[in-house]
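The values are calculated or read from the model by the stated rules, or taken from the named source; none is laboratory data. Bear in mind that the values here come from a model prediction, so they are computed numbers and not experimental data. Glycine gets a Cβ as well: all are built from the backbone with ideal geometry, and neighbour counts include every protein chain shown. The accessibility values were calculated without ligands, DNA or RNA, using every heavy atom of the protein model including side chains. Shrake-Rupley method; radii C 1.70, N 1.55, O 1.52, S 1.80 Å.
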Amino acid sequence: MPLNAIRALLQFCTVLPLGRPADFDAFARHSWLYPVAGWVTGGCAAGVAFLLSGNPGLAAAAAVAAAIIVSGANHFDGLLDLGDGLMAHGSREKRITALTDRQIGAGGVACGILTTLLAVQGLSTVASIPLAVLTAEVCAKLAMAGITALGTPFHEGIHAYLHSFARPWFAGLALLPVVPLVLLAGPVPLLKALLATGIVTALLIALAYRLFGGVNGDVAGAANEIVRAAAIIALAI
């Protein structure tokens, strides 16, 4: 794997101190590597959950918090913006304005709270919280790889830049970093999480096309948060 691309990916997806900035184009040309970042953020969250394993409720809340904090809440910000865009009334232009402005409204707050509550509650009921949060984080980044490859942008921005380097088959290639999870989670739980990932990703792309005319970085970031919760719920069922 291209080490420069991985370092640039981790600098983009986490707040971990990784030295001088890597060449972002190295990652842009290999955006199918997104799930590698999920192994890192999920590993950090799983470590926190393991330390608090005596209290499932606290371990679940701390694990989700750790995943958000390690990512610098960057993707969480996209979730809040998407919530505002979904709740806005009026024309497509008004929805895009709500999606892309710097203010957070009631729609964004509600979307952030509800998604996080679902993730925490679902995580507190699984057999292994560390394993579940690791699996969910890898799947969340798989969703970002899929949206980057398949989601046509509606304006210029970071998503449009990454999409210009991506190819449709990147969505399939992104499964390669996910495959090792079968040794940890097992084939059936992983299949459930992947099924939830695929369904939610497809729905988000379709919804973004209908409401905004395409995808932007906020939608891609929101996919990370929503798919994390969806994968956890799939593992909890």
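Points to keep in mind about this one:
- Any hit, region 16-27, residues being touching a Pro at 6+ places or on another chain (Cβ under 8 Å) and more than 30 Å from Ser124 (Cα to Cα): yes
- Some residue of region 32-50 being in a loop (DSSP other than H, G, I, E, B), touching a helix residue (DSSP H, G or I) at 6+ places or on another chain (Cβ under 9 Å) and open to solvent by 20 Å² or more (accessible area, probe 1.4 Å): no
- Among residues that are open to solvent by less than 60 Å² (accessible area, probe 1.4 Å) and in a loop (DSSP other than H, G, I, E, B), Ala22 is included.
- Cross-chain or 6+ apart pairs with Cβ under 7 Å, region 225-237 first and in contact (Cβ under 8 Å) with a residue 12 or more places away in the chain and closer than 14 Å to Ile147 by Cβ, then part of a helix (DSSP H, G or I) and among the aromatic types (Phe, Trp, Tyr): Glu225/Phe76
- Those residues of region 70-90 which are in contact (Cβ under 8 Å) with a residue 40 or more places away in the chain and out of contact with any helix residue (DSSP H, G or I) (no Cβ under 8 Å at 6 or more places or on another chain), in sequence order: Gly72
- Test: Leu134 is under 13 Å from Val227 (Cα atoms) and either open to solvent by 60 Å² or more (accessible area, probe 1.4 Å) or in contact with a Phe, Trp or Tyr (Cβ under 9 Å, 6 or more places away or on another chain) (or both): yes
- Members of region 198-214 that are within 20 Å of Cys13 (Cβ to Cβ) and either crowded, with 24+ Cβ neighbours inside 10 Å or among the small types (Gly, Ala, Ser) (or both): Thr201
- Of all the numbered requirements in (1) out of contact with any Gly (no Cβ under 7 Å at 6 or more places or on another chain); (2) over 14 Å from Val133 (Cα atoms); (3) buried (at least 21 other Cβ atoms within 10 Å of the Cβ); (4) not small (Gly, Ala, Ser), Val70 misses one, and that requirement is (2).
- Selection count, region 163-177, where residues are closer than 17 Å to Pro2 by Cα and either open to solvent by less than 40 Å² (accessible area, probe 1.4 Å) or not in a helix (DSSP H, G or I) (or both): 6
- Enumeration of residues in region 183-197 that are free of Cβ contacts under 8 Å to residues at least 24 places away in the same chain, part of a helix (DSSP H, G or I) and closer than 17 Å to Ala236 by Cα: Pro187, Val188, Leu191
- Count of residues meeting criterion [closer than 15 Å to Val219 by Cα and among the polar types (S, T, N, Q)] in region 90-105: 2
- Residue selected from region 105-131 under the condition within 15 Å of the chain's Cα centre (by Cα) and open to solvent by less than 10 Å² (accessible area, probe 1.4 Å), by the criterion farthest from Leu190 (Cα to Cα): Gly112
- Taken over region 17-32, the criterion of being touching a residue at least 24 places away in the same chain (Cβ under 8 Å) and not aromatic (Phe, Trp, Tyr) is satisfied by Asp25, Ala26, Ala28, Arg29, His30, Ser31.
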